[in-house]
Structure formats: structure tokens, C-alpha cells
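Q: A single structure is presented below for examination.
The values are calculated or read from the model by the stated rules, or taken from the named source; none is laboratory data. Given the structure is predicted, the values throughout are model-derived calculations rather than measurements. Every residue, glycine among them, receives a Cβ derived from its backbone with ideal geometry; neighbour counts consider all protein chains shown.
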Amino acid sequence: MTEEKQKVVIIGGGIAGLTAAFYLQKQIHEHNLPIEIKLIEASHRLGGKMQTVIRDGFIIERGPDSFLARKTSMVRLAKEVGMDDQLVHNSTGKSYVLVNEKLHSMPGGSIMGIPTQIGPFLTTGLFSIPGKLRAAADFILPRSESGKDQSLGEFFRRRLGDEVVENLIEPLLSGIYAGDIDQLSLMSTFPQFYEVEQKYRSLIVGMKKATPSQPKKTESKENTKGAFLTFKTGLQSFAEAIESNIAPESILKGHRVEKITKSNQKYEIYLNNGETIQADSIIAATPHQITQGMFSDYRFFDPFKSVPSTSVATVALAFPKEAIKKDIDGTGFVVSRNSDYSITACTWTHKKWAHSTPKGKVLLRCYVGRAGDETIVDLSDDQIIKIVLDDLKKTMDITLNPDFAIVSRWKNSMPQYMVGHKQRLATILEHVKEELPGVFLAGASYGGVGVPDCIDQGEAAVQNVLEYFKKKTPLKEAVQ
Ligand code: FAD
């Protein structure tokens, strides 16, 4: 009996959509499923925010540069597409926080800014004595109200005081989301801190207990692997490897989805070239504003309109080694908001990722733009480069102009998980389930912004699609 194939359309070829296409195709092949896939991507390349420039022997990431090694889905996918031999850990080294024009080394034993060792915390010049005493209140303060979301700022300010938050925690945490910690949801960004507080009451005591002990000082540096991984050939090469494992006829690049409507049991997908594609199931792996626009007939997506995304830019500067007069031991620094700087962070990439830089050269990668301070992203390349260089010269002894600089703008790119994000999303997903059966959402706007989080969501969406088809008669036998 010939069975009519079910058609799954995946919209958006960033890492979430690519992952979904790859794992769905794998399921189809392994279980001989009567399903066909179409991955539709608006631009002419796949990978979304994963973009690498290879120039003069430098490997320069425009967007993400690495991922957390402990999030295993990325390594698993790398193995699937034959890229695991290209994985490389970062070099470990000192990192700094710039407060009031001065670089302070990160106090030993601090985890995401939370002190877990008393000695380095007492001796650091990062905080005043009253600031340190205030942080010690964490030992006696009660737990947060159980189950209630709150902002990261509210949580940490209450436990450790404003000074520790502003000089250490805010520059570290807000860097990940380019967000305002007084608006970002604790439960959707770092629920582990809430859990530690609920379990141990004191965050300092809890983080100490919950964290595996640091390697002993006597252990050689080579044995101390960095917590991050990337690909020697750049993150874009990972996207390309996934793409090369997906059947070319399943991929449609350079076509933007403009609108989606439902008729009977099927979906009509309208493209910008006037074509229409039908689908039985859809994985929308696009940013939330785009998803809302595609489903504009469905008002329950409207809350996405008020979820902001911050604009940022990365600026990579390549120098000859002699341009930097005094080497600072370490891999980079983050900048506190109370410093008169426009850059929010700088990685000494040639040290953190030695493979990225030819011998005799230096590669610095800076960030500009964060919640409430995004206008800089709209300046010209030359203006941004000048601002970044002026900032860097306040901290580092730079005597020559860069050989070249690459500015990468990411407009409205960092979704902000505001307080109540989980609940807001859950309500929307309830409506989707009810009114748009067979439609699933994946990607950075929803269940985590890190590249591995997006992979997890792509995989989960595939499971959801298969579950959905399982309930539909034609596929029942095949998918079981
Ligand atoms: P995207 O990569 O945004 O992909 C969405 C795709 O949908 C795009 O290709 C887009 O062209 C396409 N699309 C949009 N509209 C349509 C349409 N109408 N029709 C068809 N296609 C459409 N994470 C880390 O883990 N580590 C890092 O070091 C890190 N650094 C980062 C640095 C920067 C500067 C940025 C911006 C992000 C960083 N992130 C990092 C976060 C991470 O890169 C992203 O969250 C992740 O790559 C998003 O993947 P995605 O598939 O959800 O979305």
C-alpha cells in the first residue's frame, strides 16, 4: 500500500532548525518513516548566528565563539556529523572585571560572581569593607518565597548586596544575555541559583557544597581543561557539516516565510516569492518576533510582541604582536556598568583560543551594546572601531593600529527572558497545542539561548513531531 507522506516544514536554518532537520531525517531513515522534510531559510546560508570569518590565518567568530562543554548535546551532534575531532577546549587563565577604570582579577573561588572561598573575597579590591560585610548577610538571610519568579537583580541584591552585584555579578551574568539583570527572570535564566538557595538557604554555602572541588594547584596546567569548547575550523564549519548530512532537496535557502494559515488538517506556508507550501506539521525555529509575525492571525502570539531582544555588535581586532606593549596575564575581562566604557567585554582571543590566531599576531574580540545602551550598534564601522580602540587603550598599552577589524552587528538578536517568561511561554504553548496542532517552537527565544540549549530544543521538537504523527492514523504503524 502506498502511503501519502506527511510533510514537516522546519522554518529557520539556525542551529535549532538545522538540528531538527538532521535528527528528523535520521529518524526517517532509521525507521523508514513516510515523512518528508523541508527546511526553509530566509538567507542564502545556514547556521544563523553561527558565522565565522577566516582571514589571513585568523579564525574569527562573528557571533557565538564557543559553548559550555558540560552541555553534552552539542558534542553528541558533533560526533554524529563527524566533527568531534575538531573540538578544542579553551585555555584557562586569569580573567578580570573592570570596575571604575581598573582591572581586578576575578576573586579565586567565585562562581558566576558568587564567592565560595572566604580568603580571596576578603582580600579583593573589588568591594569596599561595607560591601563585603553586606555580602556576608547571605549567611543569615532567609530563602526566597518558594516557586515565585523574580529578577536576577532582585535575587542577588537581596542576598549579596548592591556592590557585589554591580561590580562582579552583573558584568558576568548580563554578558550572557546582553540584558538588564533587574528585568531578567531568575527562573528562566539561572534557576540553579534559586534551587541552591532553596536547598541550602545561604547561596555562598550552597554554591560551595554544590560545586566539585577545584583541581589542586600541583596539577599541571595541561590537565586543567577549560569549561568551553569550540571547533578548530570555526562554528560555521559545524553548521556546514550538519548541512552536508541533510539531503539537499530538503533545503530551501533564500526564501522567507511571510505567513502561515491553517486549513482543515494542513498548514499553508506563504513565501516571499509568492509560492505556497503545504505542511502537516511545522517546527518554527525562528526568533519569537518573526514567529509572531508569521502567525499574525493568532492573537495568542501577541505577548511575544512585547518581549524585547537586545542589539549587540562584536568587534574583532587583529594586530601584530608588537602592537601590544605590556602583556596582561589572562584571557580577557568584562566591564561593570559603573565604568566609563562602551565595550562590555573583551576576550584576548589569541590566548583563550590559540588556534584562532597565527604566530606573531594578537586577536582581541570586544562586545558593544547591552540593554539600555544599544545605540552604539547603529554607528558606522569606523566609529565603532574608534570607540573600541579608545576604550582598549585605557586598559592596555596598544601602540599600533590593527591590521584589520571586523564589526558584526546583531540587531534585536538577544531575546530577553523577562520575569514571568516561563509562565508567558507556557500559556502561549497551551494555545498552540489547542489551536495549531502539529506546530512546535524551538530556538533561542524559548528554552535557553546557548547553542547547546537550541540543539536540545531542536531535538525535542523532533520528538514532538513524531509523537504528534503517532496519534495520526497513517503513521501509527510506522512510528511505533
Ligand atoms: P538563529 O541562529 O537566529 O537562526 C534563526 C534563523 O531563522 C536564521 O538563519 C534566520 O535567517 C532564519 N529566519 C528568520 N526569519 C525567517 C523567515 N521568516 N523565514 C525563514 N527563515 C527565517 N551562545 C553560546 O552558546 N555561546 C556563545 O559564545 C554565544 N555567543 C553569542 C554571541 C552573539 C553576538 C550572539 C548574537 C549570540 C551568542 N550566543 C552564544 C547565542 C547563540 O548564538 C544563539 O542563541 C543561537 O545561535 C540561536 O540559534 P537559533 O537557531 O535559535 O536562531
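Q: Filtering the stretch 408-441 down to residues that are surrounded by 18 or more Cβ atoms within 10 Å (Cβ to Cβ) and away from the ligand (no atom under 16 Å from the Cβ), which residue is nearest to the chain's Cα centre (by Cα)?
A: Looking at the filtered set, the residue picked out is 418.
Q: Inside the stretch 1-22, can you point out the residues that are farther than 18 Å from residue 286 by Cα and not hydrophobic (A, V, I, L, M, F, W, C)?
A: 2, 3, 4, 5, 6, 7
Q: Separate question: Residue 37 is checked against (1) within 16 Å of the ligand (Cβ to nearest atom); (2) modelled with pLDDT of 95 or more; (3) aliphatic (A, V, I, L, M); (4) surrounded by fewer than 19 Cβ atoms within 10 Å (Cβ to Cβ) and fails just one. What number does that condition carry?
A: Every condition holds for residue 37 apart from (4).
Q: Let me ask you something else. Tell me whether the stretch 322-334 contains one or more residues that are among the basic types (Lys, Arg), in contact with a strand residue (DSSP E or B) (Cβ under 6 Å, 6 or more places away or on another chain) and surrounded by fewer than 22 Cβ atoms within 10 Å (Cβ to Cβ).
A: No, every residue in the stretch 322-334 fails to be among the basic types (Lys, Arg), in contact with a strand residue (DSSP E or B) (Cβ under 6 Å, 6 or more places away or on another chain) and surrounded by fewer than 22 Cβ atoms within 10 Å (Cβ to Cβ).
Q: Please find, within the stretch 375-407, the residue that is nearest to residue 312 (Cα to Cα) out of those that are of a type outside the set (A, V, I, L, M, F, W, C) and buried (at least 19 other Cβ atoms within 10 Å of the Cβ).
A: Per the stated criteria, the residue is 391.
Q: Could you identify the single residue in 314, 291 that is among the hydroxyl-bearing types (Ser, Thr, Tyr) and not in a strand (DSSP E or B)?
A: Result: 291 is the single residue among 314, 291 that is among the hydroxyl-bearing types (Ser, Thr, Tyr) and not in a strand (DSSP E or B).
Q: Sort through 29, 89, 44 and tell me the only one that's free of Cβ contacts under 8 Å to residues at least 60 places away in the same chain and either surrounded by fewer than 23 Cβ atoms within 10 Å (Cβ to Cβ) or away from the ligand (no atom under 16 Å from the Cβ) (or both).
A: When all the criteria are applied, what remains is 29.
Q: Within the stretch 39-49, which residues are part of a strand (DSSP E or B) and either touching a Ser or Thr at 6+ places or on another chain (Cβ under 9 Å) or basic (Lys, Arg) (or both)?
A: If the condition is that a residue be part of a strand (DSSP E or B) and either touching a Ser or Thr at 6+ places or on another chain (Cβ under 9 Å) or basic (Lys, Arg) (or both), then 39 is the only one that fits.
Q: To continue, here is another question. Is it true that residue 307 is in contact with a strand residue (DSSP E or B) (Cβ under 9 Å, 6 or more places away or on another chain) and within 12 Å of the ligand (Cβ to nearest atom)?
A: Criteria not met by residue 307.
Q: Restricting attention to the stretch 107-116, which residues are in contact (Cβ under 8 Å) with a residue 60 or more places away in the chain and surrounded by fewer than 21 Cβ atoms within 10 Å (Cβ to Cβ)?
A: 109, 111, 112
Q: I need the full set of residues from the stretch 242-296 which are within 11 Å of the ligand (Cβ to nearest atom) and acidic (Asp, Glu), in order please.
A: Passing the criteria: only 258.
Here is a yes/no grid of residues against (1) within 17 Å of residue 438 (Cβ to Cβ); (2) in contact with a strand residue (DSSP E or B) (Cβ under 8 Å, 6 or more places away or on another chain):
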site: 224; (1), (2): no, no
site: 228; (1), (2): no, yes
site: 242; (1), (2): no, no
site: 260; (1), (2): yes, yes
site: 291; (1), (2): yes, yes
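Q: Being closer than 17 Å to residue 127 by Cβ and among the charged types (D, E, K, R) is the filter here, so list the residues in the stretch 332-350 that pass it.
A: 337 - this is the single residue of the stretch 332-350 that is closer than 17 Å to residue 127 by Cβ and among the charged types (D, E, K, R).
Q: Scanning for something more than 15 Å from the ligand (Cβ to nearest atom) and without any contact (Cβ under 8 Å) to a residue 24 or more places away in the chain, does the stretch 344-358 turn up at least one residue?
A: yes
Q: What number of residues within the stretch 273-292 satisfy the criterion of being among the small types (Gly, Ala, Ser), over 22 Å from residue 35 (Cβ atoms) and crowded, with 17+ Cβ neighbours inside 10 Å?
A: Looking only at that region, the number is 0.
Q: Which of the residues spanning the stretch 50-75 are farther than 17 Å from residue 355 by Cβ, more than 14 Å from the chain's Cα centre (by Cα) and either in a loop (DSSP other than H, G, I, E, B) or without any contact (Cβ under 8 Å) to a residue 60 or more places away in the chain (or both)?
A: Of everything in the stretch 50-75, those that are farther than 17 Å from residue 355 by Cβ, more than 14 Å from the chain's Cα centre (by Cα) and either in a loop (DSSP other than H, G, I, E, B) or without any contact (Cβ under 8 Å) to a residue 60 or more places away in the chain (or both) turn out to be 70, 72.
Q: Which of the residues that make up the stretch 52-72 are crowded, with 19+ Cβ neighbours inside 10 Å and either among the aliphatic types (A, V, I, L, M) or closer than 16 Å to residue 241 by Cα (or both)?
A: 52, 59, 60
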